[in-house]
Protein chains: 2
Amino acid sequence: MKPARLTSLVFAAAAAALLQAGAAQAAMKTQWIDYKHGNTTLSGYLVYDDAVSGKQPGVLMAHDRSGFSEGTIADAEMIAKLGYVVFAADMFGKGVVPKTVPEMTDLITIYNNDRPLMRARILAGLDVLKSQPNVDTARMASVGYCFGGTVGIELIETGAPLVGFASVHGSFRNFSPEAAKNIKGRVLILHGAEDPVAPMEELNAVIKQFRDAKVNFDVNLYSGATHGFTHPSNPSEVRADAEYKVAMARFLKEVLH
Amino acid sequence: MKPARLTSLVFAAAAAALLQAGAAQAAMKTQWIDYKHGNTTLSGYLVYDDAVSGKQPGVLMAHDRSGFSEGTIADAEMIAKLGYVVFAADMFGKGVVPKTVPEMTDLITIYNNDRPLMRARILAGLDVLKSQPNVDTARMASVGYCFGGTVGIELIETGAPLVGFASVHGSFRNFSPEAAKNIKGRVLILHGAEDPVAPMEELNAVIKQFRDAKVNFDVNLYSGATHGFTHPSNPSEVRADAEYKVAMARFLKEVLH
């Protein structure tokens, strides 16, 4: 082999390494999208890897009680980096970002007490995800945090065409007992055993509904983790936060690929 | 660069590739080890990768009600291939391999009804694992299947120096309610939601004991899976069988490395 040929091989290897590094650190494209549900203007957050060509699987994210807080934005971007077009739907209305826990509670109570409204509101978000030209509508899943756990289960219980839903420290009250039979995809529940907002009794009630309806589900239960373990406040929650990220990534890969 | 130098580089690369292939397909060393518990002669199964030098983490396996069936041997070898010295302890006695379910039930009933005997019997197995020259005794865990789930929990509730225990479709009856506080390592429970041998009520009872004792535990619950999902008889069990292998491997890596 001539030196020139060897040099070109070395350059090719270096170029391949650079390309790989580029793929791993791709700049994410982010965009706020305004849309309507009835007379209410909503504004959701779209995030995806602009460097990927062709259609990608889509993930509809249902935010927690804090709405579009920094945590919600960060979680949407984390999921997008797994290789998905993520649309974080807006449940509260454009510009409505509660600052205090009482404000958060007041807001989620509106939707928790009006399930048809909750369903219609999240379905409006699903329509936005579906309409993205880079989303493969045959491969859509959902992820919901906290209040978004309730929203996500209401969503899949409409029979929406989702291949999976992952609940992260979700709340599980007041579902229609018969509605679980409408679920088409798989469900993954990632939950803290010391969650005072959705305690074991509530988790067991939803497990029973899912078993009765023969839903395809998994539950991962983390000891010592309370509600909101994704913002860890003790070593058990640090572990739960790490575990859930692995489990969610694996679940999305299984259902979306 | 001279052709001779380039050739030697190519040979070095080829040799490295061959070595890597060799490591991935290492021949496992297997050995039956006779040992005593009181006047009872036991015979357990040791399996490890002979090509690894130095001390390795150790895994004590507690067999299911079938004793040293083909399934038990296969599971021990599967765990050893993850990079551990595995000793499958003998609970029943050398040469005692039940052939029918009534024989199995008779055998496990002896130990289920005599927990001090169960504990002493499995501790004798732990001593064998500890005494292996290639086992790092600071990094030992246990895995138990079915009846071995009961055995493994009794074992860690003695305060045995294990960094982790994984129960695979284990049974969870009749533990001393206070004993969970003796557990030193982490516990992973891999369980079918439709297990008729250890139904949800039994699982929830052990979860309560673990929560009360602040044990560091995870539960992975698989819908549609009955007892013995590691010998799958429906699509849900095929999924559970695949999921548990990933979860167990990840758990062992976390606690043993």
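General remarks:
- Single residue of the range A:228-237 satisfying the filter (farther than 19 Å from A:Asp64 by Cα and out of contact with any Ser or Thr (no Cβ under 7 Å at 6 or more places or on another chain)) that is surrounded by the fewest Cβ atoms within 10 Å (Cβ to Cβ): A:Pro235
- Some residue of the range B:12-29 being polar (S, T, N, Q) and either at positive phi or modelled with pLDDT of 95 or more (or both): no
- Single residue of the range B:157-187 satisfying the filter (touching a strand residue (DSSP E or B) at 6+ places or on another chain (Cβ under 6 Å) and open to solvent by 10 Å² or more (accessible area, probe 1.4 Å)) that is nearest to the other protein chains (Cβ to nearest Cβ): B:Arg186
- Looking across the range B:241-254, just one residue is at the interface with chain A (Cβ under 10 Å from one of its Cβ atoms) and more than 16 Å from B:Val168 (Cα to Cα), and that is B:Glu254.
- Picking from residues in the range B:122-147 that are under 16 Å from B:Trp32 (Cα atoms) and of a type in the set (A, V, I, L, M), the one that is surrounded by the most Cβ atoms within 10 Å (Cβ to Cβ) is B:Leu129.
- Filter pass, B:Lys214 being at the interface with another protein chain (Cβ under 9 Å from one of its Cβ atoms), open to solvent by 10 Å² or more (accessible area, probe 1.4 Å) and either part of a loop (DSSP other than H, G, I, E, B) or touching a His at 6+ places or on another chain (Cβ under 7 Å) (or both): yes
- Yes/no for A:Glu243 being charged (D, E, K, R), more than 29 Å from B:Val255 (Cα to Cα), in a helix (DSSP H, G or I) and within 19 Å of the chain's Cα centre (by Cα): no
- Total residues in the range A:152-184, condition in a loop (DSSP other than H, G, I, E, B) and within 13 Å of A:Leu123 (Cβ to Cβ): 6
- Checked against (1) surrounded by 17 or more Cβ atoms within 10 Å (Cβ to Cβ); (2) under 15 Å from A:Tyr145 (Cβ atoms), A:Glu77 meets all criteria but (1).
- For the range B:219-240, a residue qualifies if it is under 19 Å from the mean Cα position of the chain (by Cα), under 14 Å from B:Gly170 (Cβ atoms) and assigned to a loop (DSSP other than H, G, I, E, B), and the qualifying residues are B:His227, B:Gly228, B:Phe229, B:Thr230.
- Being in contact with an Asp or Glu (Cβ under 7 Å, 6 or more places away or on another chain), at pLDDT 95 or above and open to solvent by less than 30 Å² (accessible area, probe 1.4 Å) holds for only one residue in A:Ala240, A:Ala225, A:Ala193, and it is A:Ala225.
- Considering only residues in the range B:196-211 that are closer than 27 Å to B:Ser66 by Cα and open to solvent by 40 Å² or more (accessible area, probe 1.4 Å), the one that is farthest from the other protein chains (Cβ to nearest Cβ) turns out to be B:Val197.
- Cβ-Cβ distances below 6 Å connect the following pairs, each with a first residue in the range A:217-230 that is at negative phi, a second residue that is buried (at least 21 other Cβ atoms within 10 Å of the Cβ) and of a type in the set (Val, Ile, Thr), and a separation of six or more residues or different chains: A:Phe217/A:Val187; A:Val219/A:Ile189; A:Leu221/B:Val219.
- B:Val219 being under 30 Å from A:Ile183 (Cα atoms) and within 9 Å of chain A (Cβ to nearest Cβ): yes
- Out of B:Thr72, B:Thr109, B:Thr105, B:Thr150, sole residue that is open to solvent by 30 Å² or more (accessible area, probe 1.4 Å), out of contact with any Pro (no Cβ under 9 Å at 6 or more places or on another chain) and under 28 Å from B:Ile207 (Cβ atoms): B:Thr109
The values are calculated or read from the model by the stated rules, or taken from the named source; none is laboratory data. What you see is a predicted model; the values in this text were computed from it and never measured. With ideal geometry, Cβ positions are generated from the backbone for all residues, glycine too; neighbour counts draw on all protein chains shown. For accessibility, only protein heavy atoms count, side chains too; no ligands or nucleic acids. Shrake-Rupley method; radii C 1.70, N 1.55, O 1.52, S 1.80 Å.
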